[in-house]
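What follows is a short report on a single structure.
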Amino acid sequence: MYASTAFAEVSNTYYEGEIKNKGDTVEIRTTPSITINDYEIGGGLSYEKPTSDKVELNIDHAKYFAFEVNDVDAYQSDIKLMDDWSDDAGQKMKIAIDVDILADVYGSVASDNAGTSAGTISGSYDLGAPDDPVAITKSNILDTIVDCGSVLDEQNVPDTDRWFILPAWMNGMLKKSDLRDASIMGDSTSVFRNGKAGTLDRFTVYINNNMDTVTDGTTGNQCTNIIFGHKKALTFASQMTNMERLPNPDDFGQLVRGLNVFGFEVIDSDAMGHLYAERG
């Protein structure tokens with residue numbers, strides 16, 4: 001049994017083919033903002049020189065696994081140990097990467113998309129803050145998710161490709177809420193499935209146990225740093241650069257090792273939000 005991961009579902013991987021090793025840097029050009037001017041007959045035209053800010057995607061993370069398989073173990077086992085253990089390592093690698101990403105990116109969201117007065121236009125949505133978390137209950141969870149959608153609406157984030165990552169305890173609140181049938185979640189089948197709960201207020205909802213948690217300094221309760229947004233907000237690139245099997249120089253059998261390099265970057269902070277919540 002492995003924890004579900006979310007990074008591959010909520011990020012874009014446009015630049016993944018451009019990396020080879022840890023330390024590589026990918027330069028990402030952003031779309032410039034063009035100014036719209038009023039036109040008057042005979043007034044002439046004013047031309048601007050659009051500039052495209054560059055965002056660097058640094059491949060500055062690397063994780064590895066390494067294990068040995070003794071010939072005696074391989075002979076006595078009914079399964080192919082190296083293949084089975086390599087598959088297990090691959091699953092654990094995904095979880096480790098997911099934990100790193102979810103513990104980091106919430107700090108890069110736009111300031112208007114977080115806090116007790118979120119909303120770049122209205123400033124009227126309480127998404128919680130350290131020492132003042134949102135207490136989630138079965139009565140307010142749907143309203144809270146809708147408020148998160150409204151925060152993205154005020155940033156003009158497209159309705160399509162939105163996502164929301166829920167911790168398991170919050171998914172439990174969702175099940176106890178007024179959510180009574182599949183149609184509310186935009187599905188014709190069950191709304192509660194492993195890793196993906198369905199669609200709610202334009203969000204594709206994912207369930208995840210790898211999210212960052214802290215003990216709040218005021219309430220003393222465990223709080224979760226929850227993120228939501230659009231796929232254009234986060235870019236991710238990863239490569240398994242080395243996967244080797246070689247003879248064990250100190251014993252009979254083989255050594256198996258793998259190296260995975262990766263990087264991630266919030267390239268559009270306006271398209272991601274942060275909800276700081278505790279169980280109410």
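The values are calculated or read from the model by the stated rules, or taken from the named source; none is laboratory data. Bear in mind the structure is a predicted one, so any value in this text is a computation, not a measurement. Accessible surface is based on the protein model in full, side chains and every heavy atom, while ligands, DNA and RNA are left aside. Shrake-Rupley method; radii C 1.70, N 1.55, O 1.52, S 1.80 Å.
Values for this structure:
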read-out	value
Average accessible surface area per residue within segment 80-125, 1.4 Å rolling probe, Å²	48
Fraction of alpha-carbon pairs over 15 Å apart in segment 222-280 - percent	69
Theoretical gain in end-to-end length, N37 to Y14 [0.36 nm per residue, Cα-Cα removed]	4.9 nm
Accessible surface of segment 203-275 [probe 1.4 Å, protein heavy atoms]: carbon and sulfur percent	43
Carbon + sulfur, % of accessible area of segment 99-179 - ligands and nucleic acids excluded, 1.4 Å	43
Heavy-atom surface of segment 206-245, accessible at 1.4 Å and reported per residue (Å²)	42
